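Working notes, structure below.
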Amino acid sequence: MISFCSTRNPSLVASAGEVLELGLAPDGGLFVPRSIPRIDIATLPTASFQEMSKAWMHAWLKDTEFEDDLASVVEDALDFPVPLVHLDERTVVLELFHGPTLSFKDFGARTMARLLGRRLGRTGGNRVILVATSGDTGSAVADGFAGIEGIRVVLLYPGGGVSETQERQLIVERPNVQAVRVKGTFDDCQRLVKGVFADPSLSGIPLSTANSINMGRLLPQMLYYVWAVKTLQDNDIEFVVPSGNLGNLTAGVMAHLAGLPVHGFLAAHNANDFFPSFLLDSDKKFGSTIQTLSNAMDVGAPSNFERLQVLLESKRMRQLIQGEVVSDEETLSSMRRVFEETGYMADPHTAVGLEASRRIREGGNAKRTNVILSTAHPAKFPDVCERAFGQRPEEPPRLSELKGAPTKVTDIEPESGHLAEILTSL
Ligand SMILES: *Cc1c(COP(=O)(O)O)cnc(C)c1O
């Protein structure tokens with residue numbers, strides 16, 4: 001049976017259920033698997049994404065408390081398509097934005113929410129999921145956890161710090177979800193959340209978190225890497241991963257360590273260039289966060305880096321992963337170039353990946369298939385799209401339907417007392 005331990009202490013061991021419930025290890029480290037299953041990918045079914053996913057998740061979680069939940073959780077959580085779109089013979093976009101909130105974060109949030117809901121159903125426990133968000137995490141978590149028995153969600157976001165489209169997705173009324181608009185910045189929101197976790201007077205509230213430090217999100221994020229390799233029947237793919245907190249990349253690395261054959265990974269970053277710089281110079285330190293057009297990747301200190309360092313020793317890391325840094329200018333010109341050449345509208349995050357891919361192919365690997373993870377739907381970023389394409393992308397019905405939907409949001413000043421009041425009155 002799989003078990004996990006803290007990145008900071010191999011003898012701090014936890015079960016799959018505990019890991020999902022706690023998020024962060026009690027010593028402040030991140031949970032990593034103590035051993036990784038070996039999976040023969042030839043044996044995985046290919047009839048559908050869901051059938052393949054059940055088999056992969058079973059290999060990871062068999063004999064845990066979740067074994068009997070997996071089939072129905074996968075069917076319920078991952079009920080949307082995962083298309084591969086060829087831009088040319090060797091450039092393939094893996095579209096991960098067909099879930100309800102139109103970003104890849106739906107895979108992790110929806111699956112984790114249901115697994116945690118099953119556990120709480122068995123233990124009779126309940127949890128308050130507290131997240132600070134500046135982008136896609138909030139809506140994916142709110143949507144994924146809404147209406148799940150035993151779970152309440154409190155979602156903090158900076159007023160004025162998210163796009164109108166993003167805000168609409170955050171404040172639409174959902175059962176058991178409370179959106180809180182903070183008069184301040186994203187850093188204020190994070191400070192409030194950290195303060196609440198550290199406040200002894202609130203220790204009676206079963207707080208938990210659901211950002212990508214939670215292993216429960218990374219496990220389902222392995223699935224689409226496996227799906228791409230199986231569908232393309234190509235064991236020498238370069239996966240191009242638009243990265244911020246490095247959760248997506250870490251999931252790909254975990255899949256590879258479990259036996260998924262790949263050529264390697266390309267971590268495509270915006271101006272927040274810590275990780276690509278580290279790959280070239282291991283003395284590089286975390287930076288402060290820089291705002292860019294690909295705002296969901298604006299992370300100066302990626303938390304999953306700690307996990308990657310435990311999973312891969314440094315020589316192997318540099319063999320397997322390359323990094324590229326793409327500026328806002330290059331992001332816009334990449335969006336424009338791909339649109340003019342192929343008619344494909346990529347969102348700014350995907351465009352960072354497309355540009356990184358173009359560069360390494362010009363550098364010599366033109367024959368290898370590059371699979372670029374497309375992390376969000378362009379309609380989530382209509383203003384950037386208008387700048388790049390001269391037109392706004394068509395809104396998928398999921399987004400336009402939100403326009404008339406009832407909303408619910410509480411406004412607070414960036415003071416911990418206000419948040420504490422909300423939490424104690426839940
Ligand atoms: C969260 C996010 C990313 C970055 O993913 P990480 O796992 O944090 O590296 C990239 N693109 C979009 C659209 C996102 O929402």
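The values are calculated or read from the model by the stated rules, or taken from the named source; none is laboratory data. Source: prediction; values computed, not measured. So basically every Cβ, Gly included, is an ideal-geometry build from the backbone, and we count neighbours across all protein chains shown. Ligands, DNA and RNA are excluded from the accessible area calculation, which covers all protein heavy atoms including side chains. Shrake-Rupley method; radii C 1.70, N 1.55, O 1.52, S 1.80 Å.
Numbers below:
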item	result
Taking the chain and dividing mean pair separation by its residue count, relative contact order in percent (alpha carbons under 8 Å, at least six apart)	18
Three-way shape call for segment 33-115 based on the alpha-carbon gyration tensor, with the a/c threshold at 1.5	oblate
Whether segment 57-166 is rounded, prolate or oblate, judged on the alpha carbon gyration tensor where a/c under 1.5 counts as rounded	oblate
Rounded FRET efficiency, nearest 0.05, which uses the C-beta distance separating Ala198 from Leu232 and R0 of 45 Å	0.45
Leading residue at positive end of dipole, segment 159-236 (Cβ point charges), from Leu170, Phe197, Gly216	Phe197
Stokes-Einstein translational diffusion, segment 344-392 - Kirkwood Rh over all Cα pairs, 1.567 mPa s, 4 °C, in µm²/s	111
Too-long pairs where the Cα-Cα distance tops 18 Å, listed order kept, from Lys54/Lys230; Lys62/Lys230; Lys105/Lys380; Lys194/Lys285; Lys54/Lys380	Lys62/Lys230; Lys194/Lys285; Lys54/Lys380
Lys/Arg +1, Asp/Glu -1 at C-beta; the chain dipole; positive extreme among Gly184, Ala420, Val74	Val74
Kirkwood hydrodynamic radius of segment 87-132, Cα pairs, Å	13.2
Measure of compaction for the chain (Cα Rg per 2.2 N^0.38 Å)	0.93
For the chain, size of Cβ-based charge dipole, Lys and Arg +1, Asp and Glu -1, in debye	680
Segment 111-234 - Debye-derived log10 I(q)/I(0), Cα point model, q = 0.13, 0.20 Å⁻¹	-0.58, -1.14
Size of electric dipole in segment 26-157: Cβ of Lys, Arg +1 and of Asp, Glu -1, about Cα centre, debye, nearest 20	460
Paramagnetic label zone (point 7 Å from Cα along Cα-to-C-beta, Ser327; backbone N under 12 Å) in segment 244-276	271
Projected-area average for segment 278-426 over all orientations - Cα convex hull basis, square nanometres	13.8
Using a Förster distance of 45 Å, the FRET efficiency for Lys284-Glu149 (Cβ separation, nearest 0.05)	0.50
Size of electric dipole in segment 257-352: Cβ of Lys, Arg +1 and of Asp, Glu -1, about Cα centre, debye, nearest 20	420
Directionally averaged projected area (convex hull, Cα atoms, segment 173-226), nm²	6.0
Computed lengthening from Thr43 to Asp383, 0.36 nm per intervening residue step minus Cα-Cα distance	117.9 nm
Fraction of accessible area attributable to carbon and sulfur, segment 1-160 (%, probe 1.4 Å)	46
Accessible surface of segment 169-269, 1.4 Å probe, proportion on carbon and sulfur as whole %	50
At least 24 Å along the helix axis (C-alpha) and Kyte average at least -1.0, DSSP helices within the chain	105-123
Percent of C-alpha pairs per 5 Å bin, segment 257-365, short to long	2, 11, 20, 22, 19, 15, 7, 3, 0
Histogram of C-alpha separations across segment 229-269, 5 Å bin width, %	6, 24, 32, 25, 11, 3
Pairs of Cα atoms farther than 12 Å apart, segment 126-173, %	58
DSSP beta bridges in the chain [antiparallel fraction, %, rounded to 5]	25
Average accessible surface area per residue within the chain, 1.4 Å rolling probe, Å²	39
